[in-house]
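Below is one structure, written out as structure tokens; comments come after it.
The values are calculated or read from the model by the stated rules, or taken from the named source; none is laboratory data. It should be emphasised that the depicted structure is a prediction, and the values quoted were computed from it without experimental measurement. Here the Cβ positions follow ideal geometry from the backbone for every residue, glycine too, while neighbour counts run over all protein chains shown.
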């Protein structure tokens, strides 16, 4: 794993590099073979692995729940319906507890955020080498150099993904703020408190920062937690390249960290969902 | 860790999935849940109502039983009273009858005794007359001495 002529640093860097497909200034639209190439692509590049896994997981979630929703009976629920209903009840009670307004989008939004973030985080528990190795094998079968195939399986360790979701929440916040309070009301909220009309500039700066900090903190909290967790998994995986005793100890560590991580991934999904609800609730509140 | 178009892709996917969930997943499930909640609430209410009705029925039954018991006791006491009455009546009747029989018997006995006495008296009288005839060796004219004989008979 850490062997094959790679140094530990290379191994870690390799694991933290996304598979990128983008507009290279020289080569045009192509897969990046090195991190440098990925960097040169600038903004117009896609992290194929992050997007692929995040779509795949969202589709799994969507179709699993869609199946339940289609066959939902009001009788005694069985099997997966039980589980789905448990989650729905949980989300519904969270929304009712934190959201005081009336908006049909909030509960489905909370469900999507919770389930999606949870599933993306759950990929963290898959041993770090399995899927990248598989991707390398597949890539090699198609004639690519396996060392230049990068594959990151945990979408929530990609700031693009977490920021993508946080910005989605942010747009919804702005949309409902303006829809409920009107442009003037929303601007008034930003400009006329906490210091009144005299301190309008200070108010704008303060409220602006607090407004911007919402999606940023939402995205960075999730990204930071998952990235740190993923890095530790990678560091633990490095131990398998050592002696048998070190490897065995690494196995124990991985088990322990994975068990602890079950808590973290659920907690992060829950926090993301709760903050989404709270932010939207704030957007709905008139002063 | 480049910020790139992945951001846009993820944002679009986010809106799409939220929309899908809002349209296809959340409403049927929440409707099913609400309906089940209602069914359960109805069932519980029905159960409570049933229990209440059962309590009422039990009370009614208890009342009926108590009434029936009272009625039975009343009927029983009436019957006992009636039985006692019948027995008393029967006793009275029997006594009266017995008295009647006794009285009749006594009367008959008296009659018989009187008849016997009469008979005896007549016999004694005739014997006495016969005796006197023998003694007087002549016939006493019954017609002439009838009053004497009667007097004798009465004296016997």
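Only one entry of A:106, A:169 meets the criterion of being closer than 22 Å to residue A:276 by Cβ and at the interface with chain B (Cβ under 9 Å from one of its Cβ atoms), and that entry is A:169.
Yes or no, residue by residue, for (1) within 18 Å of residue A:46 (Cβ to Cβ); (2) surrounded by fewer than 16 Cβ atoms within 10 Å (Cβ to Cβ); (3) in contact (Cβ under 8 Å) with a residue 24 or more places away in the chain:
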{"position": "A:121", "(1), (2), (3)": "no, no, yes"}
{"position": "A:135", "(1), (2), (3)": "yes, no, yes"}
{"position": "A:140", "(1), (2), (3)": "no, yes, no"}
{"position": "A:146", "(1), (2), (3)": "no, yes, no"}
{"position": "A:149", "(1), (2), (3)": "yes, no, yes"}
{"position": "A:152", "(1), (2), (3)": "yes, no, yes"}
{"position": "A:155", "(1), (2), (3)": "yes, no, yes"}
{"position": "A:163", "(1), (2), (3)": "yes, no, yes"}
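Scanning segment A:84-99 for residues that are away from every other protein chain (no Cβ under 11 Å) and surrounded by 13 or more Cβ atoms within 10 Å (Cβ to Cβ) yields A:90, A:94, A:98, A:99. Please verify whether segment A:4-12 includes one or more residues that are over 25 Å from residue A:133 (Cβ atoms) and either surrounded by fewer than 12 Cβ atoms within 10 Å (Cβ to Cβ) or touching a residue at least 12 places away in the same chain (Cβ under 8 Å) (or both). There is no residue in segment A:4-12 that is over 25 Å from residue A:133 (Cβ atoms) and either surrounded by fewer than 12 Cβ atoms within 10 Å (Cβ to Cβ) or touching a residue at least 12 places away in the same chain (Cβ under 8 Å) (or both).
Of all residues assigned to segment A:196-213, at least one qualifies as being assigned to a loop (DSSP other than H, G, I, E, B) and either at pLDDT below 85 or closer than 25 Å to residue A:226 by Cβ (or both). Within segment B:23-43, the set of residues being exposed (fewer than 14 other Cβ atoms within 10 Å of the Cβ) and either in contact with a helix residue (DSSP H, G or I) (Cβ under 7 Å, 6 or more places away or on another chain) or within 15 Å of residue A:107 (Cα to Cα) (or both) comprises B:23, B:31, B:34. Take the conditions (1) surrounded by fewer than 21 Cβ atoms within 10 Å (Cβ to Cβ); (2) under 30 Å from residue A:241 (Cβ atoms); (3) in contact with a helix residue (DSSP H, G or I) (Cβ under 7 Å, 6 or more places away or on another chain); residue A:37 misses just one of them, which is (3).
When residues in segment A:3-33 are screened for being under 25 Å from the mean Cα position of the chain (by Cα), outside any helix (DSSP H, G or I) and within 13 Å of chain B (Cβ to nearest Cβ), 9 of them pass.
When B:116, B:104, B:125, B:154 are checked against the criterion of being free of Cβ contacts under 8 Å to residues at least 24 places away in the same chain and touching a helix residue (DSSP H, G or I) at 6+ places or on another chain (Cβ under 9 Å), a single residue qualifies: B:154. Can you tell me which residue within segment A:34-64, out of those that are more than 21 Å from residue B:15 (Cβ to Cβ) and within 20 Å of the chain's Cα centre (by Cα), is farthest from the other protein chains (Cβ to nearest Cβ)? Ranking the candidates gives A:49 first. For segment A:67-82, the condition of being surrounded by 15 or more Cβ atoms within 10 Å (Cβ to Cβ), within 16 Å of the chain's Cα centre (by Cα) and either at the interface with chain B (Cβ under 10 Å from one of its Cβ atoms) or within 30 Å of residue B:37 (Cα to Cα) (or both) holds for none of the residues. Scanning segment B:1-27 for residues that are over 19 Å from residue A:103 (Cβ atoms), assigned to a helix (DSSP H, G or I) and at the interface with chain A (Cβ under 7 Å from one of its Cβ atoms) yields B:6, B:7, B:9, B:10, B:11, B:13. Can you tell me which residue among A:250, A:256 is assigned to a helix (DSSP H, G or I) and exposed (fewer than 13 other Cβ atoms within 10 Å of the Cβ)? That would be A:256, the only listed residue that is assigned to a helix (DSSP H, G or I) and exposed (fewer than 13 other Cβ atoms within 10 Å of the Cβ).
Within segment A:145-165, the set of residues being part of a helix (DSSP H, G or I) and modelled with pLDDT under 90 comprises A:146, A:147, A:148. Taken as a whole, the condition of being exposed (fewer than 13 other Cβ atoms within 10 Å of the Cβ) and either at the interface with another protein chain (Cβ under 7 Å from one of its Cβ atoms) or modelled with pLDDT of 90 or more (or both) applies to residue B:51. Could you please let me know if residue A:115 is within 24 Å of the chain's Cα centre (by Cα), without any contact (Cβ under 8 Å) to a residue 24 or more places away in the chain and surrounded by 15 or more Cβ atoms within 10 Å (Cβ to Cβ)? Criteria not met by residue A:115.
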